[in-house]
Every structure is written in C-alpha cells, then in structure tokens.
Amino acid sequence: MIAKSIFAGTAIIVSLSAGPALAGVCLGKSMSLEETIDAINATPGCDRAMQLFEACEYGTSGDIHLGAAVEKKCEADFLERLKAQQKLTYQREMRACDRKYQNESGTMYRSFTAFCRAEVAQRYARQAMKGAR
C-alpha cells in the first residue's frame, strides 16, 4: 500500500516537472518549439516553410504555433495584394478550417486545423506567385 502511494506520488512529480515545453526531433536534431518556429521564420519562402512544418510536426496542439508561423510566412507573399473581396474569401476559407474540427476533442484535431490553415495560405501564396510571373 505504501509502495503504491510512493509510486503514485513520484509519477505525479515527474509528470509535473516535465513542463509545457515541447521538443521534438526535427532535421535530425532535437529542437524546442521556439527553435522550430525560428527555423520556419528563417526559411526562404512559403513552400520551404510548409516542408519544414511537415517535417517537424508534433501531431498535437503544438502545431498551432508552427502552423501560425507558416501562415505568416506565406501571407507575406500575397496578403497585401489581395483585393477586398479576395481577402474576405481567404478569411472565409480560414474560418472553414477552424470549424472543420471544432467539435472534436483531442490535440490531434488542433494539429489538423493548423495544417488546414497553413495549406490554405500556401495555396494563396502559390497562386500569387503564378500571377506575378
């Protein structure tokens, strides 16, 4: 009985000491969430940022931050050039991603949402690049 209590107490302490910091193996090395976001921000262009997101994904709610970095990188290629109606359409597509899994529980669905949003931004960036040629 005492051994079970000690074991349970130790398990709680270990789980609490793990903290909220996310880390994972990305590009062959261990990287924190912040380091991965910095790497995405440093990539040249939207497609490369998306490739890095795919390579470094957590499959959990941590992907929200990585996806947001990809969105920002991709939006730099097109957002300012969109006309008012196009911006509304873009925002509507992003909200559709937000609604798609809103009634699902589990952190993997937050990851799915992040990927959906990043893919929409990537598609718009690619269209803008084609139009610029």
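A few points about this structure:
- Residues of type aspartates and glutamates that residue 72 reaches as a straight line, Cα spacing below 13 Å, ignoring anything fewer than 8 places off in the same chain: 38, 47, 80, 119
- Computed lengthening from residue 93 to residue 61, 0.36 nm per intervening residue step minus Cα-Cα distance: 9.5 nm
- Estimated FRET transfer efficiency (residue 130, residue 41; beta-carbon r; R0 30 Å; 0.05): 0.80
- Compared with the alpha-carbon gap, the fully stretched path from residue 85 to residue 72 is longer by 2.7 nm at 0.36 nm per residue.
- Accessible area expressed per residue, the range 71-133, with surrounding protein chains retained (probe 1.4 Å, Å²): 68 Å²
- Under 5 Å, built H, 5+ apart or other chain: amide partners of residue 26: 31
- Nearby lysines by direct alpha-carbon distance to residue 73 (threshold 21 angstrom, same-chain neighbours under 8 apart not counted): 83, 87, 130
- For the range 87-133, applying the loop criterion from DSSP together with a ceiling of 16 other beta carbons within 10 Å to the GluC sites (Glu not before Pro) yields 104.
- The length gained on full extension between residue 30 and residue 102, counted as 0.36 nm times the residue separation minus their Cα-Cα distance, comes to 22.8 nm.
The values are calculated or read from the model by the stated rules, or taken from the named source; none is laboratory data. The shown structure was predicted, so the numbers you read here are calculated from the model rather than taken from an experiment. All Cβ positions, glycine included, derive from the backbone under ideal geometry; neighbour counts span all protein chains shown. For the accessible areas, the whole protein counts, side chains as well, though only heavy atoms, and no ligand, DNA or RNA atoms are used. Shrake-Rupley method; radii C 1.70, N 1.55, O 1.52, S 1.80 Å.
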